[in-house]
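Here the structure comes first, spelled out in structure tokens, and everything after it is commentary.
The values are calculated or read from the model by the stated rules, or taken from the named source; none is laboratory data. Everything quoted here is computed from the prediction, not taken from an experiment. Quick reminder, even Gly has a Cβ in these numbers, built from the backbone with ideal geometry, and neighbours come from all protein chains shown.
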Amino acid sequence: MRIAAGVEYDGSRFHGWQCQPNRATVQGAVEAALSVFAQEAIKVTTAGRTDTGVHALNQVIHFDSAAKRSDFSWVRGVNAHLPPGVAIQWAKPVPDTFNARFSAFERSYDYVILQHAVKPTLLAARVGWVHTPLDIAAMQDAAARLLGQHDFSSFRSSECQAKSPIKMMKQVDVVQNGAFIHFRFTASAFLHHMVRNLVGSLIAVGRGRYPPEWIDSLLIARDRKLAAPTFMPDGLYLTRVGYPAEFDMPPPNVVARPGGWQWQD
């Protein structure tokens, strides 16, 4: 039987998603817990790998197992074997045609920034931080220039293994709520470090270092060296993975909102 599941995790506790020798990773923790609960070796396929420090509200995985368990049992049973900082939120059987990675047609990432003179303590590793005021209108203007299909090479890590830098950006929002600034990016897919590189460049615009039109020039140049440095991972969350309606994927239990979190029923 093929099972799909949603995974929520605190990326600051792990060295990224992908298994690495002698390092705590989300994939390693999830596969170990699944294997103990199902009493068989289980490997998972994920919608997308996240880096060290990057969080997820609804990372989607799938795995195949001969174990017969109810949906509720998969959740409670696997969570009993997971370390702090990661939990299965839902699980359901899916057809063999479902693939957590290749069936996805879009992904959404949220980035939450605290704009405050003093660095955060209770929110450390949960939000990005800037200590100077940002021009929200300028960042919104710059963000709108990212919409549509572009070559995002200027925002691509040198370690990126994607076959093509051309992606379709469907949504870019910049919203302020008090001391918090909330970015939301939805695209067909993302390159390695793409969101953090985009946030870094939008913040450079917000600080007045460049005009919004600078983003146009970066897209045309296709040169990573011209864009801003990669921003910190602390405030980055994988929030949603889009699949065809036929698979009936559940929404995340928690949704990031500017200035706070909203729990779904």
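Couple of notes before you dig in:
Table: residues versus (1) closer than 25 Å to Ala124 by Cα; (2) in the same structural domain as Phe72 (by TED's automatic domain parsing); (3) aromatic (Phe, Trp, Tyr).
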position: Val7; (1), (2), (3): yes, yes, no
position: Ser12; (1), (2), (3): yes, yes, no
position: Trp17; (1), (2), (3): yes, yes, yes
position: Pro21; (1), (2), (3): no, yes, no
position: Thr25; (1), (2), (3): yes, yes, no
position: Glu31; (1), (2), (3): no, yes, no
position: Ile42; (1), (2), (3): no, yes, no
position: Gly48; (1), (2), (3): yes, yes, no
position: Thr52; (1), (2), (3): yes, yes, no
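- Those strands (runs of 3 or more DSSP E) lying entirely in segment 126-224 with at least 3 residues within 27 Å of His116 (Cα to Cα) and in contact (Cβ under 8 Å) with a residue 12 or more places away in the chain: 128-130, 166-177, 180-187
- Residue within segment 42-64 that is crowded, with 22+ Cβ neighbours inside 10 Å and among the small types (Gly, Ala, Ser) present: yes
- The set of residues in segment 50-79 being within 24 Å of Gln18 (Cβ to Cβ) and among the polar types (S, T, N, Q) consists of Thr50, Thr52, Asn58, Gln59, Ser65, Asn79.
- Selection of segment 100-115 for residues being over 30 Å from Gly178 (Cα atoms) and either among the β-branched types (Val, Ile, Thr) or surrounded by 16 or more Cβ atoms within 10 Å (Cβ to Cβ) (or both) yields Ala100, Ser103, Ala104.
- Positions within segment 129-140 being polar (S, T, N, Q) and either crowded, with 17+ Cβ neighbours inside 10 Å or not assigned by TED's automatic domain parsing to the domain that holds His116 (or both), in sequence order: Gln140
- Scanning segment 141-175 for residues being closer than 18 Å to Gly200 by Cβ and either out of contact with any Leu (no Cβ under 9 Å at 6 or more places or on another chain) or loosely packed, with under 14 Cβ neighbours inside 10 Å (or both) gives a total of 5.
- The residue of segment 10-26 that is surrounded by the fewest Cβ atoms within 10 Å (Cβ to Cβ), among those that are part of a helix (DSSP H, G or I) and touching a strand residue (DSSP E or B) at 6+ places or on another chain (Cβ under 7 Å), is Gly11.
- Condition check for Thr97: assigned to a loop (DSSP other than H, G, I, E, B), outside the structural domain of Tyr210 (by TED's automatic domain parsing), without any contact (Cβ under 8 Å) to a residue 12 or more places away in the chain and not basic (Lys, Arg): yes
- Count of residues meeting criterion [in contact (Cβ under 8 Å) with a residue 40 or more places away in the chain and either among the hydroxyl-bearing types (Ser, Thr, Tyr) or closer than 16 Å to Ala138 by Cβ (or both)] in segment 225-234: 1
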